[in-house]
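Data first, discussion second: the structure below is written as C-alpha cells.
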Amino acid sequence: MSKKRITYIIGVIVVIIIAYSYFNSNSEKDASLTAKVVKGTFLNEVYISGEAQSTSSKKINGPSNARRFNIYQIKIQDLVAEGTIVKKGDYIGKLDASEVNGKINEAQLNLEKAQSKYTQQQLDTTLTLKQERNSIKDLLFNIEEDSLELVRSIYEPPATIRSLENKIKKTGRDLREKKADYSIKKRQANAKMIEVGTEVSKISKQIEELFTLQKEFTIHSDDDGMVTYVKEWNGTKKKVGSTISPWEPAIASLPDLTKMESKTYSNEVDIRKIKKGLTTKIGFDAFPDIELDGIVTDVANVGETKAGSDIKLFQVLIKLNETNQNIRPGMTTSNRILINKQEDVLMIPLEAVFANDSISYAYVKSGLSIDKRQVELGQSNNEVVIIKKGLAKEDIVYLNKPEDSDDKSIKLLK
C-alpha cells in the first residue's frame with residue numbers, strides 16, 4: 001500500500017471521529033435540554049428558616065426586691081456555660097453586689113447612730129423623770145411639815161393659822177400641777193423612746209432585708225433543666241458584663257425540651273399562603289439526618305421590620321409534634337410548610353413553559369419535528385407546574401426555545 005493511500009485513509013478516519021464526536025455532543029446537549037411530562041404527586045411548599053425554642057420554660061430571675069432599695073442596674077459578674085444541665089439549687093451565676101454592699105454599710109452606720117440616740121434618749125428620760133419625782137416628794141414633804149406646823153399653831157393668832165392654811169393649799173395645788181406635769185412628761189418621754197426605738201427597729205429590719213437581698217445576688221436554679229440565656233433587646237444573649245433591671249430581671253430560662261416549636265419569619269409574598277393547621281417538615285442544620293413533623297400554630301397579622309432592613313416580616317410559629325434528645329433551643333431550623341398537595345397530576349419543569357401574550361405554550365417533540373402547543377396550567381411551585389390540558393404523560397418538552405421555531409404557529413387547545 002502506497003504512503004499516499006495510507007495518509008488518505010488516516011484522514012478519513014479522523015474526519016469520521018470528529019463528526020461522531022460533534023453529533024454525539026449535540027445529541028447529549030439536546031437531551032440535556034428536554035424533559036418528560038411526568039405524572040405524580042404535586043407538592044406546593046414554602047421554605048423558611050427559623051429557630052428552635054421551648055413553648056414552656058421557667059425563668060431564672062435576678063433579685064426581685066432591688067428596686068425598693070433604689071438599685072436599678074445590676075451587672076452580671078459570672079455565668080455557667082449555656083446548655084449546662086443543672087439540678088434544683090445548682091449554681092447559675094453571680095451578680096455585682098457592690099451597690100447593695102454599700103447600702104448595707106450605710107445602713108449599719110445609721111443603725112449605730114440610731115442606737116446611740118436611743119441610749120441618749122433613755123438617759124435623758126431617766127434623769128428628767130427622776131427630777132420630777134424628787135420635786136413631787138419635796139412638795140409632799142412640805143405639805144407634811146406645814147400640816148404639823150398647823151397642828152402646833154392651834155394657840156397662835158388667827159392670822160398665823162390662816163397663813164399656814166393658805167400655804168398648805170398652795171403647796172397642794174403645786175403638787176397637783178407637778179403630778180400632772182410628771183404624767184405629761186412621762187408620756188412624752190415614752191413617745192420619744194418609741195420613736196427612737198422604732199427607728200432602730202426599722203433600720204435593723206432594713207439591714208436584714210439587705211442581707212437577704214445580698215444572698216439573691218448569687219443565682220441558683222429553681223428547678224432541674226438546661227440553662228438557656230435570654231436575649232437582650234438587640235437580639236444578643238445575656239452574658240458576663242450584661243445588665244439586668246427590676247423591669248427586665250430575667251437572666252436565663254429552663255426550657256421544657258419535650259415541648260418545642262420553631263419560631264420563623266415569612267416574607268410578604270409567602271405569608272398569604274400560610275395558615276394555621278398546615279403540616280410542616282422541620283429539619284435541623286446541626287443534625288441533617290433529623291426531620292420531625294410539625295404544624296403551624298400561629299401566623300402574625302402584623303409584620304415587623306428587622307434591624308438593618310426595610311423588609312416586612314411576619315412571625316410564624318410551628319409546633320413540633322414530636323421531639324428528639326439532640327434538639328436544643330436556639331438551633332437553626334429549616335421548615336417546609338405544605339401549602340397544597342395534589343395526587344396523579346401531570347407536571348413539567350417551569351422552564352418548559354413559554355408565553356405569548358395570554359397564551360401559555362410548550363415546545364413538544366413530535367417524531368422528527370417540534371410542535372408548539374398551547375397548555376392550560378394549574379398550580380406551580382418553585383420547580384414544576386401542573387398541566388391541566390395540552391400534554392400527555394411521557395411527552396417530551398424542551399426546556400429552552402429550539403432553533404428556527406419562531407415561525408411555528410401555536411396549536412391551540414380545542
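Conditions (1) part of a strand (DSSP E or B); (2) over 27 Å from the mean Cα position of the chain (by Cα), marked per residue:
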{"residue": "77", "(1), (2)": "yes, no"}
{"residue": "83", "(1), (2)": "no, no"}
{"residue": "88", "(1), (2)": "no, no"}
{"residue": "94", "(1), (2)": "yes, no"}
{"residue": "99", "(1), (2)": "no, no"}
{"residue": "103", "(1), (2)": "no, yes"}
{"residue": "106", "(1), (2)": "no, yes"}
{"residue": "111", "(1), (2)": "no, yes"}
*Among what's in region 347-376 and is among the small types (Gly, Ala, Ser) and open to solvent by 20 Å² or more (accessible area, probe 1.4 Å), pick the residue that is nearest to residue 408 (Cα to Cα).*
369
*Quick one: is residue 45 over 15 Å from residue 225 (Cβ atoms), in contact (Cβ under 8 Å) with a residue 12 or more places away in the chain and in a strand (DSSP E or B)?*
yes
*Among the residues of region 284-297, which ones are open to solvent by less than 20 Å² (accessible area, probe 1.4 Å) and hydrophobic (A, V, I, L, M, F, W, C)?*
284, 292, 296
_I need a count of the residues in region 168-201 that are farther than 15 Å from residue 133 by Cβ and small (Gly, Ala, Ser)._
4
*Is at least one residue of region 298-309 surrounded by 15 or more Cβ atoms within 10 Å (Cβ to Cβ), small (Gly, Ala, Ser), on the phi < 0 side of the Ramachandran plot and part of a strand (DSSP E or B)?*
no
*Please note which strands (runs of 3 or more DSSP E) are completely contained in region 316-378 and include at least 1 residues that are without any contact (Cβ under 8 Å) to a residue 60 or more places away in the chain.*
354-356, 359-366, 369-374
_Condition first: open to solvent by less than 30 Å² (accessible area, probe 1.4 Å) and under 16 Å from residue 230 (Cβ atoms). Now tell me which residues in region 67-85 satisfy that._
74, 76
*Got at least one residue in region 243-262 being within 23 Å of the chain's Cα centre (by Cα), open to solvent by 70 Å² or more (accessible area, probe 1.4 Å) and polar (S, T, N, Q)?*
yes
_Failed condition for residue 335, given (1) open to solvent by 60 Å² or more (accessible area, probe 1.4 Å); (2) closer than 24 Å to residue 384 by Cβ_ = (1)
*Does any residue of region 377-386 turn out to be modelled with pLDDT under 95, over 24 Å from residue 43 (Cα atoms) and loosely packed, with under 13 Cβ neighbours inside 10 Å?*
no
*asked:* Can you tell me which condition residue 219 does not meet? The list is (1) open to solvent by 50 Å² or more (accessible area, probe 1.4 Å); (2) modelled with pLDDT of 85 or more; (3) among the β-branched types (Val, Ile, Thr), and all the others hold.
replied: (1)
*Which of the following residues is basic (Lys, Arg), in contact with a strand residue (DSSP E or B) (Cβ under 6 Å, 6 or more places away or on another chain) and open to solvent by 80 Å² or more (accessible area, probe 1.4 Å): 275, 281, 319?*
319
*Give the residues of region 143-160 that are open to solvent by less than 70 Å² (accessible area, probe 1.4 Å) and part of a helix (DSSP H, G or I), sorted by residue number.*
143, 146, 147, 150, 160
*Limited to region 263-272, what total is found for residues that are in a loop (DSSP other than H, G, I, E, B), β-branched (Val, Ile, Thr) and either touching a residue at least 12 places away in the same chain (Cβ under 8 Å) or surrounded by 14 or more Cβ atoms within 10 Å (Cβ to Cβ) (or both)?*
0
*Go over the candidates 289, 222 one by one and state the one that is in a strand (DSSP E or B) and either more than 30 Å from residue 109 (Cα to Cα) or not hydroxyl-bearing (Ser, Thr, Tyr) (or both).*
289
_Between 123, 127, 140, which is open to solvent by 50 Å² or more (accessible area, probe 1.4 Å), in contact with a helix residue (DSSP H, G or I) (Cβ under 7 Å, 6 or more places away or on another chain) and among the aliphatic types (A, V, I, L, M)?_
140
*Which residues, counting only those in region 294-320, are modelled with pLDDT of 95 or more and more than 21 Å from the chain's Cα centre (by Cα)?*
294, 295
*In region 353-369, which residues are of a type in the set (A, V, I, L, M) and modelled with pLDDT of 90 or more?*
353, 355, 359, 362, 364
*Which listed residue is more than 19 Å from residue 66 (Cβ to Cβ) and either out of contact with any helix residue (DSSP H, G or I) (no Cβ under 8 Å at 6 or more places or on another chain) or outside any loop (DSSP other than H, G, I, E, B) (or both), from 235, 241*: 235
*Somewhere in region 128-137, is a residue part of a helix (DSSP H, G or I) and either under 30 Å from residue 205 (Cβ atoms) or in contact with a strand residue (DSSP E or B) (Cβ under 7 Å, 6 or more places away or on another chain) (or both)?*
yes
*Of the residues in region 164-199, how many are surrounded by 14 or more Cβ atoms within 10 Å (Cβ to Cβ) and of a type in the set (Ser, Thr, Tyr)?*
2
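The values are calculated or read from the model by the stated rules, or taken from the named source; none is laboratory data. Not measured: the values here are computed from a predicted model. Positions of Cβ are backbone-derived with ideal geometry, glycine not excepted, and every protein chain shown enters the neighbour counts. The area values use the complete protein model at the heavy-atom level, side chains included, leaving out ligands, DNA and RNA. Shrake-Rupley method; radii C 1.70, N 1.55, O 1.52, S 1.80 Å.
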